[in-house]
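Presented below is the structure to which this report refers.
The values are calculated or read from the model by the stated rules, or taken from the named source; none is laboratory data. Fair warning: this is a prediction, and the values are worked out from it, not measured in the lab. Ideal geometry is used to build each Cβ from the backbone, glycine not excepted, and the neighbour counts take in all protein chains shown.
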Amino acid sequence: MSNKIREQAAHDIASVLPGRIHDLARLRILIDDSEPVVTVVGKYNHGKSSLLNELLGRDAFAVSDRRETVRLSDSVHQGVRWLDAPGLDADVGTQDDREALRAAWLNSDIRLFVHAAKEGELDAKELKLLTELDADRVRTGRRTLFVLSQVDQLADDAALRKVGDAIDRQMPGIVLNAVSSVRHRKGLEGGKKLLLEKSGVPALQAALHAELARVPNARAHETALLVGEIHEELRLLCAAQQTSLDLLRCTRQQQKRDFDRDLAAVIEKVAGDIDTMLNGLGTDHAIVPDSAKDAYMITAGKLERAHIQIAYSRACIEIDAVLTGHGVVGLPSEQRTAANSLNSVMIAVMGVSVKFRKDLRRMFCEASGRERMQREFTHYYELSADQKALAAQIADTESAIAASEKASAAIRMFGA
C-alpha cells in the first residue's frame, strides 16, 4: 500500500473516529516495517543521554550539565533506531513535553523510563506517565524497562535498596534496572570487567536484546489489535447508525400515514357537513347581485353569502387544526409575501373567502376538489419545517453510514 493510499485510508477512518488519530498514526508506523525503535524518556538531567551513549558504545547523543536535549534526537545503530526525548520537566513552554510524549507513545517499540536514583521515589508526573505506559503494555504488548540511573551517586547498596523499596511501593512488582553510566565508561576505559558488570549496563543490554528479538511479533500483535479494535468500533458505529436511520425512516413513514389519515378524515367530515348544509338550503339568493339601492341594506343575498362564508370558515378552522397538529403552519420562505397575514397554508390552498354554493360544492362535495385539497396540503406538509428537519436528519445519517462503510473498507486495507 503506497503512502498516498495509506494517508487517504487513515483520513477516511479519522473523519469517522477522530479519537483514533493516534492509533492510526501508530498503525502507519507499524506497517512501514522500519527498524525497531527504543526511546529513552524521563526528566531532565537524569542521565538519559549518557545512558544511550553507553548502550550504543559511542557518543551519539550530547551530554551536558545544563539542559541539552530540547527536541527529539535520534541515532540508528546496528539496525535499531534510538530516540532521546526531551525531559518531562520541560520549561513553561510545553513543546518539549509534547515531544517526549510523542516519542514515548507514537514511535517506540520499547521504552526506557529513566529515573535518577538520587531523586528517591517517583514524583507525581513520573508516576502518572509510568502508570500510563504500563497500561499501554497491558493493552498493546509494548514493553517499558524501568532504569534506575546514576546509582553511583548513592552512598551504598543499602541506600539503593531504600530507593528501590520506595519505588516498589509506588509501582508494586516493578523490575528495577540499576545502572551507572559513569562506572560503565570507567570500566571500558580501564578494562575493569567487575566494574563493567557492577555498572548494570551489560545486564540492561541483555534485557534490551531479548526485548528487541520480540519486536517483530510484538508489532504483528499490536497491528492486529489496533486493526481489530478500530474495525469493531466501526462495526458497532455502523450498526448504531443503521438503527438510527431505520428509526428515522419509520418515524417519517408513520408521521406521513398519520397525516394522510387525519387530513382525509377531516376533509371527509367537513365535506359531509357542508353537503348537509347546502342540501338544506332553499332558493339560492347568493347568486342574485345586489343593486345600488341595496348597498346599505340587509338582503337575502347578503345573508346567504355570509352564511356560506361562515360555513367555509368553520371548515377551514377544522382543517387548519389538523394541519397545525402535524406541523404545517407557514409557507416555505420562497413563497412568502410582504403581507404576513397571507403567509398561511390555508390561504395558499383554499383562498380567502367563498361566497357561492357552487364554489363550496366544487371544493368540498366533488371528489376532484377533495383530492386537490389532499394533494396540495400534502405538498405543504412535505415542505414543513418539521419534515425538512427530519429529511435532513435522514440525509445526514445516510452520509454518516456511507462514511463509516468507507472507513471500514479502509481499515481492512491496514490489516491486509
Check: Only one of Phe414, Phe377, Phe364 is of a type outside the set (Ser, Thr, Tyr), not assigned by TED's automatic domain parsing to the domain that holds Met277 and not in a loop (DSSP other than H, G, I, E, B); which?
Finding: Phe414
Check: What residue, among those in the stretch 323-341 that are exposed (fewer than 12 other Cβ atoms within 10 Å of the Cβ) and aliphatic (A, V, I, L, M), is modelled with the highest pLDDT?
Finding: Ala338
Notebook entry, point to check: If you check Asp320 against the conditions, is it loosely packed, with under 15 Cβ neighbours inside 10 Å and at pLDDT 85 or above?
Noted result: no
Notebook entry, point to check: Only one residue in Ala220, Ala135 is assigned by TED's automatic domain parsing to the domain that holds Val114, farther than 20 Å from Glu119 by Cβ, part of a helix (DSSP H, G or I) and modelled with pLDDT under 95, so which one is that?
Noted result: Ala135
Check: Of the residues that make up the stretch 174-194, is at least one among the small types (Gly, Ala, Ser), in a strand (DSSP E or B), at negative phi and buried (at least 17 other Cβ atoms within 10 Å of the Cβ)?
Finding: yes
